[in-house]
1. Which one of these does TRP131 not meet: (1) touching a helix residue (DSSP H, G or I) at 6+ places or on another chain (Cβ under 9 Å); (2) at positive phi?
2. Residue by residue through the range 1-16, note down the ones that are in contact with a Gly (Cβ under 6 Å, 6 or more places away or on another chain) and either of a type in the set (A, V, I, L, M, F, W, C) or surrounded by 18 or more Cβ atoms within 10 Å (Cβ to Cβ) (or both).
3. Under the condition of being of a type in the set (Val, Ile, Thr) and more than 17 Å from the chain's Cα centre (by Cα), which residue from the range 164-209 is modelled with the lowest pLDDT?
4. Residue under question is LYS74, and the condition is that it be farther than 24 Å from ILE166 by Cβ, open to solvent by 10 Å² or more (accessible area, probe 1.4 Å) and not aliphatic (A, V, I, L, M); does it hold?
5. Looking at (1) under 30 Å from SER133 (Cα atoms); (2) within 17 Å of the chain's Cα centre (by Cα); (3) open to solvent by 40 Å² or more (accessible area, probe 1.4 Å), which one does PHE107 not meet, given that it meets all the others?
6. Name the one entry in LEU19, LEU69 that is more than 23 Å from ASN195 (Cα to Cα) and either buried (at least 18 other Cβ atoms within 10 Å of the Cβ) or among the acidic types (Asp, Glu) (or both).
7. Residues GLY55, GLY47, GLY14, GLY71: which one is modelled with pLDDT of 95 or more and in a loop (DSSP other than H, G, I, E, B)?
8. Within the group LEU135, LEU80, which residue is within 25 Å of ASN178 (Cβ to Cβ) and either open to solvent by 50 Å² or more (accessible area, probe 1.4 Å) or modelled with pLDDT of 95 or more (or both)?
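The values are calculated or read from the model by the stated rules, or taken from the named source; none is laboratory data. On a predicted model such as this, the values are computed, not experimentally measured, just so you know. Glycine gets a Cβ as well: all are built from the backbone with ideal geometry, and neighbour counts include every protein chain shown. Surface accessibility is based on the protein's heavy atoms, side chains included, excluding ligands, DNA and RNA. Shrake-Rupley method; radii C 1.70, N 1.55, O 1.52, S 1.80 Å.
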Amino acid sequence: PKKVIVLMDTTYWGRGFGLMLFKDAYSKENLLWYYVKSETNALYIKGIKELISKGFEVVAIVCDGRKGLVGAFKDIPVQLCQFHQVAAIRRYITKNPKMPASIDLKFHVAMLKNTDKESFEGGLKMWFIKWESFLNERTINIETGKSYFTHKQLRSAYRSLNTNMIWLFTWYDNYELNIPNTTNMIDGHFSDLKNKLRNHNGSTQKVVE
């Protein structure tokens, strides 16, 4: 069977119509695509099963950080796209954070795509030790008397990194497979495929639920 590393992602035309693409990182060939109403884990799983049924040997998968997706493939190494992880942290702490703890985390996350697993993991642990008491600060709601974590977004950013760590360096743990650390290779093809779709409205590919 032909060995493939499957990059998979979805792009949209407005609301309710998207293209889910499965691409081989080795040959750069588009292996499979669905026109979809919405992006779901079930469809990604279906796509991988379809490729296997067609005789491909899926040696690894690279995908975004959709909840539950990276952990859905028990017997295949999965690399979480580092670009998507960086973007997720940016949404939590903003592009230009003001708090020193957030600024520190931003600089650490900026190294993600250019460092090894031990350095990044060690740096995150050092960041947590430095800012643990700050992360645990609570604010009391005067009306209810109940307290809540003061820096919720920053805590969420750290939790996202800590939870996803086991998938952020699959490329490093399986170095011999030459797994890309992002799905960026797929992005350039989305615009090309969109143009082709506009020119070939008679495509036999159907929208799947």
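1. (2)
2. Scanning the range 1-16 gives a single hit, THR10.
3. Only one residue tops the list, namely THR204.
4. No; evaluated as a whole, the condition is false for this residue.
5. That leaves (2) as the condition not met.
6. LEU69
7. Just a single option satisfies the conditions, and that option is GLY55.
8. The match here is LEU80.
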